[in-house]
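Everything on this sheet refers to the single structure shown next.
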Amino acid sequence: MSGASVKVAVRVRPFNSRETSKESKCIIQMQGNSTSIINPKNPKEAPKSFSFDYSYWSHTSPEDPCFASQNRVYNDIGKEMLLHAFEGYNVCIFAYGQTGAGKSYTMMGKQEESQAGIIPQLCEELFEKINDNCNEEMSYSVEVSYMEIYCERVRDLLNPKNKGNLRVREHPLLGPYVEDLSKLAVTSYTDIADLMDAGNKARTVAATNMNETSSRSHAVFTIVFTQKKHDNETNLSTEKVSKISLVDLAGSERADSTGAKGTRLKEGANINKSLTTLGKVISALAEV
């Protein structure tokens, strides 16, 4: 599927303490890019197999030769997206799945050695590439924004004091945008890490039966990357702007599995509604 406009990777995580205590059995098998699922109600039935661009086996420990680490996931997916961004394309990476499936871990990771997710690794390499630039005609600028979509309302995570809901508008040339969303200039990976940390603290998380820190909102971290080239001979400047959208989606789930009531139930309904719409968008993109 090289050259495809949409690429899909699937990842299986290790059991959590709840699943280990219940002595759960893993019904997923992976070989190459193929993922097979065994029917737990009828194990003798032939497994159903699906092919993806990448199938990441992260169910065991790093000692397993088949284990897919955070670095491997980034090297396969993040590096290619960063390359396209330098070529001037808009790119988007998002994590989709049931609550507790490991979306936030894959995208954000943990603040431990070799545990960083796609977003911090991509931001770090972005500034490494900028700092390695030796062409005096080239200059770069990086701006970031961070928002969450919670119950169909947009909040600015970099300006949480702004309690008002931001409006989504449509620009005739640039497409959809969020009015009054903070866009902050950054000059180093440390700047981005600090802003991301502040934004993550402002995110809406809550406990459900499925996950103690279930993300109840979609979080969209956007990097606007501008490359300017000044031709000294003609004294003309050209500009290439690309947008990198890194998205940690809220957990999709069945209401009866999460024990959701009241606010949690309303959140779940909005989450599932928006994820259904996303599915339609991806289907349309895949046909392009």
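The values are calculated or read from the model by the stated rules, or taken from the named source; none is laboratory data. Here the structure is a predicted model, which is why all the values come from computation and not from measurement. Quick reminder, even Gly has a Cβ in these numbers, built from the backbone with ideal geometry, and neighbours come from all protein chains shown. The accessibility values were calculated without ligands, DNA or RNA, using every heavy atom of the protein model including side chains. Shrake-Rupley method; radii C 1.70, N 1.55, O 1.52, S 1.80 Å.
Can VAL168 be described as under 30 Å from THR238 (Cα atoms), β-branched (Val, Ile, Thr), touching a strand residue (DSSP E or B) at 6+ places or on another chain (Cβ under 6 Å) and touching a residue at least 40 places away in the same chain (Cβ under 8 Å)? Answer is no for this residue. Quick one: in the stretch 221-275, which of the residues that are of a type in the set (Asp, Glu) and exposed (fewer than 15 other Cβ atoms within 10 Å of the Cβ) is modelled with the lowest pLDDT? The residue in question is ASP256. Residues that are open to solvent by less than 80 Å² (accessible area, probe 1.4 Å), out of contact with any Phe, Trp or Tyr (no Cβ under 8 Å at 6 or more places or on another chain) and at positive phi are absent from the stretch 42-52. When ASP156, ASP180 are screened for being acidic (Asp, Glu) and crowded, with 20+ Cβ neighbours inside 10 Å, only ASP156 passes. Restricting the search to the stretch 3-57, which residues are among the basic types (Lys, Arg) and either farther than 14 Å from ASP76 by Cβ or in contact with a strand residue (DSSP E or B) (Cβ under 7 Å, 6 or more places away or on another chain) (or both)? Selection gives ARG11, ARG13, ARG18, LYS22, LYS25, LYS41, LYS44, LYS48.
Against the conditions (1) touching a residue at least 60 places away in the same chain (Cβ under 8 Å); (2) assigned to a helix (DSSP H, G or I), GLU125 satisfies every one except (1).
Looking at the structure I just gave you, is TYR105 open to solvent by 80 Å² or more (accessible area, probe 1.4 Å) and within 30 Å of GLU143 (Cα to Cα)? Criteria not met by TYR105. Among residues of the stretch 68-87 that are outside any helix (DSSP H, G or I), those with a beta-carbon under 8 Å from a residue that is open to solvent by less than 40 Å² (accessible area, probe 1.4 Å) at least six positions away or on a different chain give the pairs ALA68/TYR56; ALA68/SER58; SER69/SER58; GLU87/SER242. Of note, GLU87 satisfies the criterion of being closer than 20 Å to SER5 by Cα and of a type in the set (D, E, K, R). Residues in the stretch 12-30 that are touching a residue at least 12 places away in the same chain (Cβ under 8 Å) and not in a loop (DSSP other than H, G, I, E, B): VAL12, ILE28, GLN29, MET30.
Applying a threshold of 6 Å to beta carbon distances and a minimum spacing of six or more residues, or different chains, the list of pairs starting in the stretch 180-205 at a residue that is among the aromatic types (Phe, Trp, Tyr) and ending at one that is open to solvent by 40 Å² or more (accessible area, probe 1.4 Å) and part of a helix (DSSP H, G or I) reads TYR189/GLU124.
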